[in-house]
Amino acid sequence: MSAADNAPLLRVENLCMRFGGLTAIDDLSLDVQAGQITAVIGPNGAGKTTFFNCLTGFYRPTSGRVRLNHPQRGELHLEALDSHQVASRAQVVRTFQNVRLFPKMTVLENLIVAQHNRLQRASFFSLAGLLGLPGYRRTEQAAIEIAVDRLTRLNLIDRADAVAGDLPYGMQRRIEIARALCVDPLLLCLDEPAAGLNPRESAELNELLQSLVQGEGLAILLIEHDMSVVMNISDHICVLNYGCKIAEGSPLQIQNDPQVIKAYLGEDDEDDDDFDGVEPALATESES
Amino acid sequence: MVVLAHQAPSVAQRCKDAGAVAAIALLLGIPMLGLTTVDQGGSLLVATRWPTLAIFVALCFAGRLLARYAIDALQARARRRPAATLLRPGARHQLSLWLGWGCFGVALALPFVFSDNRYIVDTATTVLIYVMLGWGLNVVVGLAGLLDLGYVAFYAVGAYAYAVLSTQFGWGFWQALPVAGGLAASFGLLLGWPTLRLRGDYLAIVTLGFGEIVRIILVNWTALSGGPNGIASIPRPSFFGLPFKPGDDSATFAGFFGLDFSPLHRLIFLYYLILALAMLTNLFVSRLRRLPIGRAWEAMREDEIACKAMGMNVTNVKLSAFAIGAMLGGLAGVFFAARQGFISPESFTFNESAIILAIVVLGGMGSQLGVVLASLVLVLLPELGRDFAEYRMLLFGTAMILIMIWRPGGILSQRQPTLRHRAEAGAAP
Amino acid sequence: MALALQQLINGLTLGAVYGLIAIGYTMVYGIIGMINFAHGDIYMVSAFISVTAFTLLAALGVSSVPLALVTVLLVSVLFTSVYGWAVERTAYRPLRGSTRLAPLISAIGMSIFLQNMVQLTQGARVKPIPPVLVGGFDLLTVDGFTVHLAYSQLLIVVVTVFLMAAFTYLLSQTSFGRQQRACEQDRLMTSLLGINVDRTISLTFMLGAMLAAVAGVLVTVYYGVVDFYIGFVVGIKAFTAAVLGGIGSFPGAMLGGVLIGLIEAFWSAYLAPEYKDVATFAILILVLMFRPSGLLGRPEVEKV
């Protein structure tokens, strides 16, 4: 038991992803611990979203291994699973950089769809559902309760019956997180959750993510450009540039890492005097 | 051509715009309307129809002019009153609910009102076949968002299954119905399993090819299907064992109920049979929509990738939509074969698929009532006269384009949520 | 052996026609990512235009075959390209940025419209024209079977090869070709660079229609009959050719066309001719299942 406690929840080993001649991810290794927030940062095009796609079965990595230490199902090889199996069996659930809701369905329906597998089993491939058997009705009620609970936590309960596509962008982002939480994740992969949020919403998001990690022992893997989010809540940060990991460590270590500063600002030579005025770049970004 | 916002174009600009349209119309019209070839004693001669062409071009000019005025006026009004809608969404739902029950009531009463009018009962039966087919295809196209251009293949499978089972193995209608439905569903799985991984437009053309394959096999596999001649003298369904034929003994329908024999009895029975099948389909589909599988169909239509990220096995969800749509088509096919008594590959061409698709599209994808209205229009239009019959598909093709441009969701597209957080008691039955 | 050679000739002829039409599918797919279901019907329209034009020329007493051919080709290409333009302008352009399903349904609607329009204006009966180009070469005789190369077959292959060369030049060397390829890669960026994307798309449709027009004229010369339904099956076959060669790939469309033509010719000669269409559709399904990017196409990476 104690040995399993120390093992990371997710271990990425020597992951490579090539598209033709382009190497989007180059020999990336990373551990994600349960009960921690791990952030993946890096300039645009560093391969962060590609990394998520490899993790969640949307891309098949060219080489490397992604192992998940599942408390009930043992070790799972994510790189060999289909995207839906990553969510349903490995309980690794993601959100998308450009929000992907079911726009014509209501918020509540969005969250119920996320519980499809459980409901589908309970409806006995629709037979019990067609007959309206009590067992199915109970499961459906429970699913609604779960959805209501997630919506309440994300302050969305007033909009439960609104059509998802009609809501403002920031709210859609939160709905996507609420929906991901309905899948019952062990590891939640959030692709730029704070993009498009105002400062107040962003602060609320920080609180929520921390409560998820501390209260429920969830692991969170985060891609984010907003340094105020990253530096405040991450336990561990991994910096990517051109598909390579260039640094890894605590927020403090990362803020002072010369490699990272170089990646964000470019080479510190005469060509780049444009950037001279913003030398403490990460600090500046974190205030914006 | 560019019309600046908020600034009405001058009359000269409008005329120029309409003139350009007329010029294009002229170019398009010359080879098709202006000129044609007629067969004269085995060889072709060119015939001209310049007056028709002139009328066509003039109509295009006037039409464009008027349409532009109308659109500008509508847009100006929309600017003045941004959120003016005719009905609240709730009220619209109420209205369509009432209309739906109204249609059902009329359908129930129809054979009594027109009990001596063979023609009306027969036409109404045809309408109901299309309604059922439309509701079946609606599962695939409207709910799951998969474009199936070979739906008629499943209709054919059902029809031929009943025809073969009844003529060669002596099966009855009620025995053959579930078997044929199951067979059609298996064909749906057979086609869906390899192809449903494909992108939407590939899927469309594969289903088109599949529909043709089934038809070609029916034409050529003479031993099974009778080839181009089809299968004749298919037994008609009986009233739970009582055949519709003359005779006073209690072994016939008329004799058992002490009625005078009338050929209309069978027609009316067939009418109620398809009404029952169609209403069962409706009930079945609207219930499925409120179940996990139905919500999964709709979610998949909205965003397949998000579905995968939620752990949904999209292939299975698609397959289920395909199989259920195919099964409903197959059931309608059984009824068709039983009603006609004769089937041949002629009845199962791509044109038939196109008609069913048109019904779904015009009715508003996903709308049950819309399918009924579209079927009514489609079947009744050609009955109004020969001209309408000739122009029917032309009008339908045009309408499909216009509706996609104007309201891609269909005319009656008001999606009702499958469940609500508040006021759950208010959910419609 | 002689029969095989004959089928090779027939297959190449047929394949050249499929290839010409397939290019229209491939170019449109490349630039706006949709299947132009009405493309087969554009080909059918052109076949009808050429029947009218041939009949008209015969009535006017034009007896020179080359003159008649060139005139009909020009007339047909002109009018058909207007049809190509109009189809795009009315049925597809208003739907750019609409849902996934809308342009497909609109295209089906357009296909139904064109078929019925031609049926109504030109009649539903098969139209035969007297042979335009008669005769050919007898290549060799083996065991009493003579391998025959008709002039019309030679014409089809020569015209197709010429058009391939011309289009390769057009797409790779000219400014329009560059614009077209730029639009294929990124329409938004292309428009930001000051290129009129709408016009480029319109031109693509017109070029596709022109090739279909040539195919329509050549088939009319070759078979001598047309009816309003020919666009449907030929359309699917040409589409299969485009998919087999790799949709979006210009040489792929031609390669796919030739392969489909050969398969059809040999299938008809050696296996069951009544199932030749089934063979084509089966190939379509198999290719899409096992190699959706076709022979020469690039694999498509799903955008997440």
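The values are calculated or read from the model by the stated rules, or taken from the named source; none is laboratory data. This structure is a prediction, so every number in the text was calculated from the model and none was measured. Every residue, glycine as well, gets a Cβ built from its backbone with ideal geometry; the counts of neighbours run over all protein chains shown.
Values for this structure:
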quantity: Residue in segment C:102-156 that is farthest from the other protein chains (Cβ to nearest Cβ), counting only those that are of a type in the set (S, T, N, Q) and under 21 Å from the mean Cα position of the chain (by Cα); calculated: C:Q153
quantity: Per-region count, segment C:57-78, residues free of Cβ contacts under 8 Å to residues at least 60 places away in the same chain and either crowded, with 19+ Cβ neighbours inside 10 Å or more than 12 Å from chain B (Cβ to nearest Cβ) (or both); calculated: 11
quantity: The lone exception for B:R79 - which of (1) away from every other protein chain (no Cβ under 11 Å); (2) free of Cβ contacts under 8 Å to residues at least 12 places away in the same chain; (3) exposed (fewer than 12 other Cβ atoms within 10 Å of the Cβ) it fails; calculated: (2)
quantity: Selection count, segment A:58-96, where residues are assigned to a strand (DSSP E or B), farther than 20 Å from A:P8 by Cα and either of a type in the set (A, V, I, L, M, F, W, C) or within 9 Å of chain B (Cβ to nearest Cβ) (or both); calculated: 0
quantity: In segment C:186-213, residue farthest from the chain's Cα centre (by Cα) [restricted to those that are β-branched (V, I, T) and in a helix (DSSP H, G or I)]; calculated: C:T190
quantity: Meets criteria (β-branched (V, I, T), under 30 Å from C:L74 (Cα atoms) and either in contact (Cβ under 8 Å) with a residue 24 or more places away in the chain or away from chain B (no Cβ under 12 Å) (or both)) for C:I283; calculated: no
quantity: The one condition in (1) more than 11 Å from every other protein chain (Cβ to nearest Cβ); (2) small (G, A, S); (3) over 30 Å from A:C54 (Cα atoms) that A:G170 fails to fulfil; calculated: (3)
quantity: Only one of C:S98, C:S81, C:S111 that is among the polar types (S, T, N, Q) and over 20 Å from C:A213 (Cβ atoms); calculated: C:S98
quantity: Cross-chain or 6+ apart pairs with Cβ under 6 Å, segment C:185-205 first and basic (K, R), then modelled with pLDDT of 85 or more and in a helix (DSSP H, G or I); calculated: C:R187/C:V197
quantity: Options A:R138, A:R174, A:R179, A:R121: the member that is in contact with a Leu (Cβ under 8 Å, 6 or more places away or on another chain) and either assigned by TED's automatic domain parsing to the domain that holds A:G196 or over 16 Å from B:E302 (Cβ atoms) (or both); calculated: A:R174
quantity: Hits in segment A:207-234 - residues which are under 19 Å from A:V92 (Cα atoms) and not in a helix (DSSP H, G or I); calculated: A:G217, A:L218, A:A219, A:I220, A:L221, A:L222, A:I223, A:E224, A:S234
quantity: Among residues of segment B:289-321, those that are facing chain A (nearest Cβ under 7 Å), farther than 17 Å from A:R100 by Cβ and of a type in the set (A, V, I, L, M), counted; calculated: 2
quantity: Selection within segment B:28-60 - modelled with pLDDT of 90 or more and at the interface with chain C (Cβ under 8 Å from one of its Cβ atoms); calculated: B:L28
quantity: From B:A223, B:A251, B:A276, B:A204, residue being in contact with a Leu (Cβ under 8 Å, 6 or more places away or on another chain), more than 13 Å from chain C (Cβ to nearest Cβ), without any contact (Cβ under 8 Å) to a residue 60 or more places away in the chain and of a type in the set (A, V, I, L, M); calculated: B:A251
quantity: Meets criteria (away from chain C (no Cβ under 11 Å) and surrounded by fewer than 24 Cβ atoms within 10 Å (Cβ to Cβ)) for B:F169; calculated: yes
quantity: From the options A:R179, A:R121, residue that is at the interface with chain B (Cβ under 8 Å from one of its Cβ atoms) and either buried (at least 24 other Cβ atoms within 10 Å of the Cβ) or free of Cβ contacts under 8 Å to residues at least 24 places away in the same chain (or both); calculated: A:R179
